[in-house]
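Presented below is the structure to which this report refers.
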Amino acid sequence: MIKPVKFSLSYSGEVKCSLTLKRFYPPDIKIRWSSGESQTKIMDYSRPVQSADGETFDVTSVFTLPRSLCFPVYVTWEHQSVKEPPSIILNPSDLPWHPQIEELNSPDLKLNTESKIQVKISRYFSEDLTVEWNKKEMGTDRFVAVDINKYKSEISEHQRQSDNTYSCTASLLFTPTLPEDQRSEFICRVQHPCMEQPIERRIGPLQIT
């Protein structure tokens, strides 16, 4: 019986991958881990323990990923009960620390006064986070990348939280003008290695005062 690989995160930024195999016999088993393109193999010598039934064995094997997070990670085990060694491939999207994104917020937007739209992003690891802003074109339903000459995208410093994940605030700074910013709409798109698809948040139509 194979249990899903579990992940834990240390203060130093190391990720521990734990694989548990249950109820096998005899106890002799070989487990190998490897990571990155080079696939340098590491043999695990964890000692099996007797299962609750008193007749079979369980083992938990732990592999520590360095802070650089070299993916993919491969784990393979050999046991006389199987002809072909089973294996599992782990990718960044398997990690559980997906960004949590609050709703976009904007204080009063005043004409010809520097303003900003902000969003709080939290509970992610690693810090490899990308934020993209798009604006709805006037008179259309199409969103395009903001004009970098007018709109400035900023991400605050990544703050470590008590669970060793990170949080930050993403901002879009600009000086509202008419007519292009009246009733404007924006999309904030957040991408992270843990996610196969980006997450979006939308705000607008905005009122310029």
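The values are calculated or read from the model by the stated rules, or taken from the named source; none is laboratory data. All of these numbers come straight from a predicted model, not from anything done at the bench. Note that each Cβ is placed from the backbone with ideal geometry, even for glycine, and that neighbours are counted across all protein chains shown.
Can you tell me which residue is farthest from residue 62 (Cα to Cα) among those in the range 7-30 that are among the hydroxyl-bearing types (Ser, Thr, Tyr) and in a loop (DSSP other than H, G, I, E, B)?
The extreme case among them is 25.
Test residue 138 against the stated conditions and say whether it is among the hydrophobic types (A, V, I, L, M, F, W, C), out of contact with any Cys (no Cβ under 6 Å at 6 or more places or on another chain) and surrounded by fewer than 12 Cβ atoms within 10 Å (Cβ to Cβ).
yes
Within the range 42-56, how many residues turn out to be under 11 Å from residue 25 (Cα atoms) and among the hydroxyl-bearing types (Ser, Thr, Tyr)?
Matching residues across the range 42-56 total 2.
Can you confirm whether the range 167-184 contains a residue that is in contact (Cβ under 8 Å) with a residue 24 or more places away in the chain, among the β-branched types (Val, Ile, Thr) and out of contact with any strand residue (DSSP E or B) (no Cβ under 9 Å at 6 or more places or on another chain)?
no
If we only count strands (runs of 3 or more DSSP E) wholly inside the range 61-149, which ones have 3 or more residues that are of a type outside the set (Gly, Ala, Ser) and within 14 Å of the chain's Cα centre (by Cα)?
In the range 61-149, 115-124 are the strands (runs of 3 or more DSSP E) which contain 3 or more residues that are of a type outside the set (Gly, Ala, Ser) and within 14 Å of the chain's Cα centre (by Cα).
Determine if the range 141-151 includes at least one residue that is surrounded by 12 or more Cβ atoms within 10 Å (Cβ to Cβ), farther than 30 Å from residue 11 by Cβ and among the acidic types (Asp, Glu).
No, because not a single residue in the range 141-151 is surrounded by 12 or more Cβ atoms within 10 Å (Cβ to Cβ), farther than 30 Å from residue 11 by Cβ and among the acidic types (Asp, Glu).
Counting just the residues of the range 11-38 that are at pLDDT below 90 and exposed (fewer than 13 other Cβ atoms within 10 Å of the Cβ), which one comes out nearest to residue 164 (Cα to Cα)?
11
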